[in-house]
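The values are calculated or read from the model by the stated rules, or taken from the named source; none is laboratory data. Note that the structure is a prediction, hence the values are computed from the model and not measured. Because the Cβ atoms are built from the backbone with ideal geometry, glycine has one as well, and the counts that use them run over all protein chains shown.
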Amino acid sequence: MKPTLFLSHPTCQLHDMGDTHPESPDRLFAINQLVQKTDWDEKLIFVDAPKIDVDWLSRVHPKHHVEALMELSPREGLVSIDGDTGLNPYSIMAARHAVGAAIHATDEVIAGDVKNAFCAVRPPGHHAESAIAMGFCLFNSVALAAERALAAGMSRVAIVDFDVHHGNGTVEIFQDRPEVLVCSSFQYPFYPGRYDTVNRPNICLTPLSAGSDGAVFRAALEQQWTKAILEHQPEMIFISAGFDAHRDDPLGGLNLSDDDFFWVTQFIQDLAKQTAGGRIVSLLEGGYDLNALARSVVQHLNGLID
């Protein structure tokens, strides 16, 4: 059996937007600590993520936008992009390693060298629109990974997003690209309130009311995502894996449990086996209660490996 690839990089832990910011380096420390304590029986292999070439970012983000973000990067201290998002001296480098993880994972899965992959990286990416960095996100890593698969010759891919916050950036980037299916489940109404009512054949939106539990979540995905993915027949599936829909998360109002993240991973895995030869690349997005985040990531990995 081929292993699952686990990608991260130490630089991703140097991106820091302040001591009280929820999207903190402690998120990766918590994940890595529990993952390293878990016996994977050689089914999980660990790789340092490469740093993506700046030119590749322009596949999704206009060159002037990338250059403007890089010019904002401080030599010391913190620079704010908006009320939620900031740069320290390591932020751009961390974001380039996050994208590099997604691209390298995509290449390895397409090559057939690994079964699937999970990228434990930060900053996250799914709120980053083509020319707007926002919501803790600088570059849209999952969108860039999907572009990599298309550049490699695939004709159809899917991105599925189960973060508590809607993946507005991913929808904005691909809403007029019928070769890319985007499925997004999210609390509604809620942040960011952008691109959450888009009506396109390749956009499948699954808004959930505050307080929705695992039963509601599972029923909605089974009804909506199954149909969308089987009709689209993607050759590869990308996951924006947000764990802030957990009942313990301080930033969300959904009530998922650890088991729900194992279930959704196996649900996506089953669909990938039917349509995409099992090819999956998953990227960390949200999740801000450290214990719930680490446990949920382990459940996610168990689902990818199983």
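Counting just the residues of region 123-167 that are of a type in the set (Ser, Thr, Tyr) and more than 13 Å from the chain's Cα centre (by Cα), which one comes out farthest from Thr265 (Cα to Cα)? Step through it out loud before you land on a result.
Initially, region 123-167 is screened for residues of a type in the set (Ser, Thr, Tyr), giving 130, 141, 155.
Next, only the ones that are more than 13 Å from the chain's Cα centre (by Cα) stay: 130, 155.
Working: Ser130: 28, Ser155: 24 Å.
Ranking the candidates gives Ser130 first.
If I filter region 62-75 for residues that are of a type in the set (D, E, K, R) and farther than 21 Å from Ala131 by Cβ, do I get at least one hit?
Within region 62-75 (the criterion being of a type in the set (D, E, K, R) and farther than 21 Å from Ala131 by Cβ), the answer is yes, since at least one residue qualifies.
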- Which one of these is touching a residue at least 24 places away in the same chain (Cβ under 8 Å), closer than 14 Å to His15 by Cβ and touching a Phe, Trp or Tyr at 6+ places or on another chain (Cβ under 9 Å): Leu138, Leu69, Leu144? Leu69
- Note on the structure: Going through (1) touching a residue at least 40 places away in the same chain (Cβ under 8 Å); (2) part of a loop (DSSP other than H, G, I, E, B) one by one, Gly77 fails only at (1)
- Message: Considering only residues that are part of a loop (DSSP other than H, G, I, E, B), buried (at least 17 other Cβ atoms within 10 Å of the Cβ) and touching a residue at least 12 places away in the same chain (Cβ under 8 Å), which ones fall in region 20-50?
- Response: Pro22, Glu23, Pro25, Trp40, Ala49
- Task: Among what's in region 217-242 and is under 19 Å from Leu304 (Cα atoms) and either among the charged types (D, E, K, R) or out of contact with any strand residue (DSSP E or B) (no Cβ under 8 Å at 6 or more places or on another chain) (or both), pick the residue that is surrounded by the most Cβ atoms within 10 Å (Cβ to Cβ).
- Result: Glu235
- Yes/no for Glu42 being modelled with pLDDT under 95 and among the charged types (D, E, K, R): yes
- Considering only region 111-145, state which residues are in contact with a Lys or Arg (Cβ under 7 Å, 6 or more places away or on another chain), over 23 Å from Asn168 (Cβ atoms) and among the aliphatic types (A, V, I, L, M). Val114
- Query: In this structure, is Gly83 surrounded by fewer than 18 Cβ atoms within 10 Å (Cβ to Cβ), among the small types (Gly, Ala, Ser) and at positive phi?
  - Reply: no
- Only one residue in Pro201, Pro124, Pro192 is in contact with a helix residue (DSSP H, G or I) (Cβ under 7 Å, 6 or more places away or on another chain) and not aromatic (Phe, Trp, Tyr). Which one? Pro192
- Note on the structure: The correct count of residues that are out of contact with any Ser or Thr (no Cβ under 8 Å at 6 or more places or on another chain) and either modelled with pLDDT under 95 or of a type in the set (S, T, N, Q) (or both) in region 104-147 is 4
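For region 259-280, name all the residues that are of a type in the set (S, T, N, Q) and either buried (at least 23 other Cβ atoms within 10 Å of the Cβ) or touching a Phe, Trp or Tyr at 6+ places or on another chain (Cβ under 9 Å) (or both).
Our first condition is that a residue be of a type in the set (S, T, N, Q); within region 259-280, this holds for 265-266, 269, 274-275.
Listed by number, the list holds a single entry, Thr265.
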